[in-house]
Amino acid sequence: MIEFLFWLSLIIVGYTYIGYILVLLLIWGVKRALVREKDNMGDYEPEVTIFIAAYNEKEVIPAKVENLRKLDYPSDKLTFLWVTDGSTDGSEELLRQYPDMKVLHEPQRSGKVGAINRGMRYVKSEIVIFCDANSMLSPATVREVVRHFQNPRVGCVAGEKHILLPQHEAVQGVGEGVYWKIESFIKRLESEVNSTVGAAGEICAIRTDLFEPLEPDTILDDFVLSLRIVEKGYKIKYAHKAVATETASFSIGDELKRKVRIAAGCIQAIPRLSSLLNIFRYGFFSFQYWSHKVLRWLAVPPAIIIIFLANLFLLSSGVFYKIFFALQIIAYSLVFLGHILRRKNIPFKYLFLPYYFMVMNSALVWGLIRYVRGKQTVNWEKAQRLQMQSGNNH
């Protein structure tokens, strides 16, 4: 039984982080050899609203406004909508100084979901692109996003997130940056094969008529919003040239806080998106959802623990188990070394990755605990980020 649990757990972890990518690469290669898809590069220029839910973002507003004005898209077809509900730092007053920025403001704070639900009543354009106040968009973002909507089967488009590190490459940002590079690669593969599994709030675009108000207590608004569109029978495509750049978390503690919240939102989302678990109804997308999200959220953290404990009991069962246990000890030593490097702020990218991996899986456990105990609020406590303050903060 112990040996069975060891191998089952090892397979789960290996498949989640390596096997799934190999499956996608295989399917992508076969599809690329057999099917030549046309690139949608026509003159499609629908009206677009850039939607920014911002809570106390006065410090980044001037830079964000300048960034929005540099977007390569007809100005008469582009609307900038800010919802600053609950802000107390003067964000509303500052934004009203910019005549091309449309501002909605109410004194009470109802969280990002409340801001989205309220603000969407004022969106008249065909396409709406949600983004964060602290995320700077590449000039081609709007064009790269809307071209995917020429396909009527596409209901949502996700952009690519880049993590900007200062020149000294602060240790706390290294793991975050590498994590998003890997995630971007997986999402791009998913999009090429079938449909990306979810969109991040830095760039999440949808057809406006597909929007339905979210439950007020929704923690991961972007993820639930995008997958609700999949439930309606549409695909999520990945626009890798539509780039949102933001700075890394100021500390691993801030990043852990964010990840715990995300983990709680993941647990909350599973029952709310339970229909997507049905492979007989959603076919290959259901397989993707299980592989990319559900296994990573629910199965990998306990599997990591089981692997170590089971391996400990199996040391007398053969040379393989002795070698594998030694490798685990080395890996956990690297985790401890990463912790030391982080405390001393010594950048050493590849030694820091095992530490980041363990921190993120620990966050999943704490997120589960917080969600079960009802301790995770829908409002996001703003975390510091390097060189500027964070966005996605409702």
Just subtract the alpha-carbon distance of Glu231 and Phe313 from 0.36 nm times their residue separation and send over the number in nm, one decimal.
-> 25.1 nm
Mean Cα-pair separation over length for the chain, i.e. relative contact order, pairs under 8 Å, 6 or more apart, % = 22
State the percent of C-alpha pairs, over all pairs in the chain, separated by a distance greater than 38 angstrom.
-> 21
To the nearest 10 degrees, how steep is helix 20-34 against the longest Cα principal axis of the chain, on a 0 to 90 scale?
-> 60
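What accessible area per residue, rounded to a whole number of Å², is obtained for the chain using a probe radius of 1.4 Å?
With the other protein chains kept in place, the chain gives 46 Å² per residue.
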Two-site FRET efficiency, Asn151 against Asp72, from Cβ-Cβ distance with R₀ of 25 Å, rounded to 0.05 = 0.75
Amide H proximity to Val128 below 5 Å, modelled H, separation 5+ or other chain, gives Thr49, Ile206, Thr208
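Give the calculated FRET efficiency between Asp217 and Ile2 to the nearest 0.05, with a Förster radius of 45 Å applied to their Cβ-Cβ distance.
0.65
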Nearest 10, in degrees from 0 to 90: the angle of helix 252-272 to the longest Cα principal axis of the chain is 90
How far is it, in nm, from the label point at Leu25 to the one at His240 when both lie 7 Å from their Cα along the line to the Cβ?
-> 1.4
Hits among aspartates and glutamates - C-alpha to C-alpha of Lys322 under 17 Å, sequence gap 8 or more where chains match | Glu3
On the accessible surface of the chain, probed at 1.4 Å, how many percent belong to carbon and sulfur atoms?
-> 61
Step through the table entries Lys31/Lys161; Lys187/Lys241; Lys70/Lys237; Lys112/Lys161, compare each Cα-Cα distance with 22 Å, and write down the pairs that go over it.
-> Lys31/Lys161; Lys70/Lys237
Could you tell me how many degrees, from 0 to 90 and to the nearest 10, lie between the Cα long axis of helix 319-344 and the main elongation axis, the longest principal axis, of the Cα atoms of the chain?
-> 40
Ile182 versus Glu106: modelled label distance in nm, points set 7 Å from Cα along the beta carbon direction = 4.1
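The values are calculated or read from the model by the stated rules, or taken from the named source; none is laboratory data. Since the model is a prediction, treat every value here as computed from it, not as a measurement. Note: ideal-geometry Cβ built from the backbone for every residue, glycine included; neighbour counts use all protein chains shown. Just the protein is used for accessible areas: all its heavy atoms, side chains included, with ligands, DNA and RNA removed. Shrake-Rupley method; radii C 1.70, N 1.55, O 1.52, S 1.80 Å.
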